[in-house]
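Here's the structure we're looking at; comments come further down.
The values are calculated or read from the model by the stated rules, or taken from the named source; none is laboratory data. Note that the structure is a prediction, hence the values are computed from the model and not measured. Cβ atoms come from the backbone with ideal geometry, glycine included; neighbour counts cover every protein chain shown. Heavy atoms of the whole protein, side chains included, go into the accessibility calculation; ligands, DNA and RNA do not. Shrake-Rupley method; radii C 1.70, N 1.55, O 1.52, S 1.80 Å.
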2 protein chains.
Amino acid sequence: MTIPLGPGAEFDLIRSLVERWGPRARGIGDDAAVFRPTRGDSIVASVDASVEGRHFDSAWLSPREIGYRAVTAALSDLAAMGARPRGILVAIALSENWQHKLLNIANGIGDAVDAAQTVILGGNLSAARELSFTTTVFGEAFEPLRRSGAMPGDRVYVPGRLGGVGEALRRLKAGESAAHLRERFAKPTARLEEGRWLAGAGVNAAIDISDGLVADLRHLAAASAVDIEISADRIVLMPGTDIEGALVSGEEYELAVTSPKTIDLRAFETAFGIPLTEIGRVIARGTGNVGVIGARVAARAGHDHFSR
Amino acid sequence: MTIPLGPGAEFDLIRSLVERWGPRARGIGDDAAVFRPTRGDSIVASVDASVEGRHFDSAWLSPREIGYRAVTAALSDLAAMGARPRGILVAIALSENWQHKLLNIANGIGDAVDAAQTVILGGNLSAARELSFTTTVFGEAFEPLRRSGAMPGDRVYVPGRLGGVGEALRRLKAGESAAHLRERFAKPTARLEEGRWLAGAGVNAAIDISDGLVADLRHLAAASAVDIEISADRIVLMPGTDIEGALVSGEEYELAVTSPKTIDLRAFETAFGIPLTEIGRVIARGTGNVGVIGARVAARAGHDHFSR
C-alpha cells in the first residue's frame with residue numbers, strides 16, 4: 001500500500017511503518033480513520049498527540065489553554081472529515097511537576113468538549129517524564145469527506161483568516177507581545193459545523209490546516225493525485241500578518257476544501273460569521289504539486305517533527 | 001457522576017478529573033468506552049498508554065516485543081467487553097535513540113494485530129524525549145460486557161493460569177532468568193475470542209487483569225456495588241509461581257468474569273486449550289470488598305502509577 005502523503009521526514013517515517021505493516025494497514029493518510037460497523041453509519045476516528053516542548057510551550061499558555069488546544073487539535077480532524085463528534089478519549093501522560101495543575105488542564109479539556117458539543121467517553125492516565133496528551137476523537141458520518149476526492153477543475157476554498165497563529169508564535173519566540181493574535185493561537189476553533197455545512201454544499205475533498213496551508217494542500221493534492229494552483233492575493237489574512245507567513249502558518253485548524261460546484265460564499269459567511277474564500281483551482285491530474293502565484297514558498301514548507 | 005473504581009492514588013486522580021468534567025464525562029470506569037451510533041451496533045473503544053521505564057523496560061524486551069505488548073494490552077480491554085476488534089490507531093512518541101528501531105517495533109505491532117485478526121486504521125507519530133505508545137482500539141458488540149453487571153450469588157471465573165507475569169518480572173528485576181515464564185510476560189495474549197465466548201455463555205460482568213487479580217476484582221466489585229469472596233486454593237497457578245504473587249500479578253491480560261449461570265468448563269477448555277476455573281462468589285451487595293480465603297493480601301494490592 002502506498003500512502004498518499006506529501007514530502008517530509010515525518011511522512012517518510014510514517015510511510016516506512018505502513019510499508020512494514022502491508023495489508024494490515026488500511027486507509028491510512030486521511031485526517032481520520034473510517035470504519036463502517038456491521039450495521040450502521042461510518043465511524044470516523046482520529047488520534048492526535050501533544051507533547052510539552054514539541055507541540056506546546058508552557059511559558060506561552062496556561063494549563064487550561066494547553067488542555068483546550070490538545071483536544072481542539074484532535075477535533076479539527078473530525079471537522080475535516082465532515083463528521084459529527086460523538087465523544088473523545090483522553091490519554092494524559094503526567095509528569096510530576098504537572099500533577100498539581102491537572103485540574104486546570106481538565107478545565108481546558110472541558111472547554112474544548114463544550115465548544116464541540118461532545119462528551120468525554122474515557123481515557124488513560126499514566127506517569128511519565130514529560131507532559132503529553134494523546135486525544136482520540138470519534139464521530140460519525142454517512143459519507144465521510146476524504147482527502148482523496150479532488151478532481152481537475154475543482155475550486156479550492158478556505159474559511160477564516162490565515163496567518164495569525166504563525167505570527168503569534170513568531171512574536172512569542174521573539175519575546176514580543178502577541179497582542180490580538182494571541183487568541184487565534186491559544187483558543188483555536190475546530191470548524192466542525194463548518195465542515196458539515198461544506199460537505200452538504202458539495203465539497204469533494206477536505207483537510208485541516210495543521211502543518212500550514214501549502215503543506216496541507218500538498219497532502220490533499222497527493223492523496224487525490226492532482227496538482228493545485230492558488231493565488232497568494234486571494235488569501236484573507238489576519239490583520240498584522242503577511243502572506244509569506246500565512247502560507248506556512250501551522251495549527252490554524254481552518255479547513256482547505258475542494259469543490260466541483262461553486263459554493264455560496266455569502267451563505268457561509270451568514271451562517272458562521274467568518275469569510276469563505278476561493279483561493280485557487282485543481283489544475284490537472286498530477287503528483288501533489290502546489291503552485292502559489294504571487295509568493296515564494298519553500299519546497300518543503302510546513303512543520304516536520306523529524307526533519308534535521 | 002461518581003465513578004465506581006477501586007482504591008488507589010491513580011484512581012483518586014481519575015476521580016478528580018471526572019468530577020471536574022461533571023456531566024461532560026459519561027460512562028467512565030469500564031474497560032472501554034461505548035457509544036451507539038445513530039444507526040447500528042454499539043462501538044466499543046479503549047485507549048492504553050505504554051511508557052518506557054514505567055510500563056516496559058527495554059533491557060528485558062526486544063523492540064518487537066515492546067510493540068507487541070503495547071497493542072495487546074489495549075486489545076485486552078476489548079476482550080473484557082466481549083467486543084470484536086475492528087481496528088486500532090497507534091500513536092507513537094518516538095525519542096531519538098529509538099528511531100532506528102522503529103521498524104522492529106512496527107513488526108511487533110503487526111504481530112499483535114495479526115493475533116487479534118484486526119487492522120491498523122491510522123495513528124500519529126511525534127518526537128518526544130521518551131518512547132511511548134498510546135494505542136486506541138475499536139470494536140463492536142451488540143451488547144457490550146460491563147464491569148457493573150455482577151449480582152449477589154454470581155460465580156466468579158478466571159481463564160488461564162495466573163502468576164507467571166509477576167514472577168517473571170520478579171526474576172528479571174533480581175537479575176535471574178525468567179525461564180519458561182518469560183513468554184507469559186513478553187508475549188501475552190488478549191483473550192478476545194474467549195471474551196466473546198463467555199459473553200455468549202451468559203456472563204454478566206467482566207474485567208481484564210491488568211493491575212492484578214485482587215485489584216481488578218475490586219474494580220469490578222465497586223462498579224457492580226457488590227462484595228466478592230474468592231478461594232486462594234482454587235486459583236490455577238503457572239508452574240514456578242506462588243499464590244501470594246499470583247493474586248497481585250499484573251499485566252496478565254487474563255479475564256475475570258461473573259456469571260449467574262454455571263459455565264461449562266470443559267467446553268471452554270476444549271475450545272481454547274486453557275482452563276476456566278470457578279474461583280469464588282459474589283456474596284452480597286456491598287462496596288467493592290474482595291475477600292481472599294486462604295491467603296493474605298495487602299489492602300491496596302495492585303499496581304498504581306501515582307502511589308508514593
query: Where residues in region B:85-103 are at the interface with chain A (Cβ under 7 Å from one of its Cβ atoms) and open to solvent by 30 Å² or more (accessible area, probe 1.4 Å), which of them is farthest from A:G22 (Cα to Cα)?
result: B:R86
field: Among residues of region A:238-255, those that are more than 18 Å from the chain's Cα centre (by Cα), touching a residue at least 60 places away in the same chain (Cβ under 8 Å) and not in a loop (DSSP other than H, G, I, E, B), counted
entry: 1
message: Could you check region A:290-302 and list, in sequence order, the residues that are buried (at least 17 other Cβ atoms within 10 Å of the Cβ) and either at pLDDT below 95 or more than 19 Å from the chain's Cα centre (by Cα) (or both)?
response: A:V292, A:V297, A:A301, A:G302
task: Provide a single number: the residues in region A:116-168 that are over 19 Å from the mean Cα position of the chain (by Cα) and more than 24 Å from A:R86 (Cβ to Cβ).
output: 11
message: Filter region A:180-203 down to the residues that are assigned to a helix (DSSP H, G or I) and open to solvent by less than 30 Å² (accessible area, probe 1.4 Å) and list them by number.
response: A:L181, A:F185, A:A186, A:L192, A:E194, A:G195, A:L198
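For A:D31, are the conditions met, namely being open to solvent by less than 30 Å² (accessible area, probe 1.4 Å), in a loop (DSSP other than H, G, I, E, B) and more than 8 Å from chain B (Cβ to nearest Cβ)?
In short, yes.
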query: Looking at this structure, is A:A45 within 10 Å of another protein chain (Cβ to nearest Cβ) and within 24 Å of A:L255 (Cα to Cα)?
result: yes
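Would you confirm whether or not region B:138-159 contains a residue that is among the β-branched types (V, I, T), within 11 Å of another protein chain (Cβ to nearest Cβ) and open to solvent by less than 10 Å² (accessible area, probe 1.4 Å)?
For region B:138-159, residues among the β-branched types (V, I, T), within 11 Å of another protein chain (Cβ to nearest Cβ) and open to solvent by less than 10 Å² (accessible area, probe 1.4 Å): absent.
Is it true that some residue in region A:9-17 is part of a helix (DSSP H, G or I) and touching a His at 6+ places or on another chain (Cβ under 6 Å)?
As a first pass, look at region A:9-17 and keep what is part of a helix (DSSP H, G or I): A:9-17.
Going one step further and asking which of them are touching a His at 6+ places or on another chain (Cβ under 6 Å), we end up with A:10.
Checking region A:9-17: at least one residue is part of a helix (DSSP H, G or I) and touching a His at 6+ places or on another chain (Cβ under 6 Å).
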- prompt: What's the number of the condition A:Q117 fails, among (1) crowded, with 24+ Cβ neighbours inside 10 Å; (2) closer than 16 Å to B:W21 by Cβ?
  reply: (1)
query: Do we have any residue at all in region B:63-83 that's open to solvent by less than 10 Å² (accessible area, probe 1.4 Å), part of a strand (DSSP E or B), within 11 Å of chain A (Cβ to nearest Cβ) and closer than 21 Å to B:I120 by Cα?
result: no
task: Go through region A:48-62 and count every residue that is more than 8 Å from every other protein chain (Cβ to nearest Cβ) and open to solvent by 30 Å² or more (accessible area, probe 1.4 Å).
output: 6
- prompt: Do we find a residue being open to solvent by 10 Å² or more (accessible area, probe 1.4 Å), within 7 Å of another protein chain (Cβ to nearest Cβ) and within 23 Å of B:V44 (Cβ to Cβ) anywhere in region B:104-113?
  reply: no
message: Can you confirm whether A:S126 is more than 9 Å from every other protein chain (Cβ to nearest Cβ), of a type in the set (G, A, S) and surrounded by fewer than 22 Cβ atoms within 10 Å (Cβ to Cβ)?
response: no
Residues of region A:14-23 that turn out to be surrounded by 17 or more Cβ atoms within 10 Å (Cβ to Cβ) and facing chain B (nearest Cβ under 7 Å), as a count: 4
task: Take A:G153 and decide whether it is assigned to a loop (DSSP other than H, G, I, E, B), more than 24 Å from A:I28 (Cα to Cα), in contact (Cβ under 8 Å) with a residue 60 or more places away in the chain and not β-branched (V, I, T).
output: yes
- request: For region A:269-289, name all the residues that are open to solvent by less than 60 Å² (accessible area, probe 1.4 Å) and among the charged types (D, E, K, R).
  value: A:E278
field: Leading residue by the ranking (least open to solvent (accessible area, probe 1.4 Å)) among those in region B:160-179 that are assigned to a loop (DSSP other than H, G, I, E, B) and farther than 19 Å from B:H55 by Cα
entry: B:G160
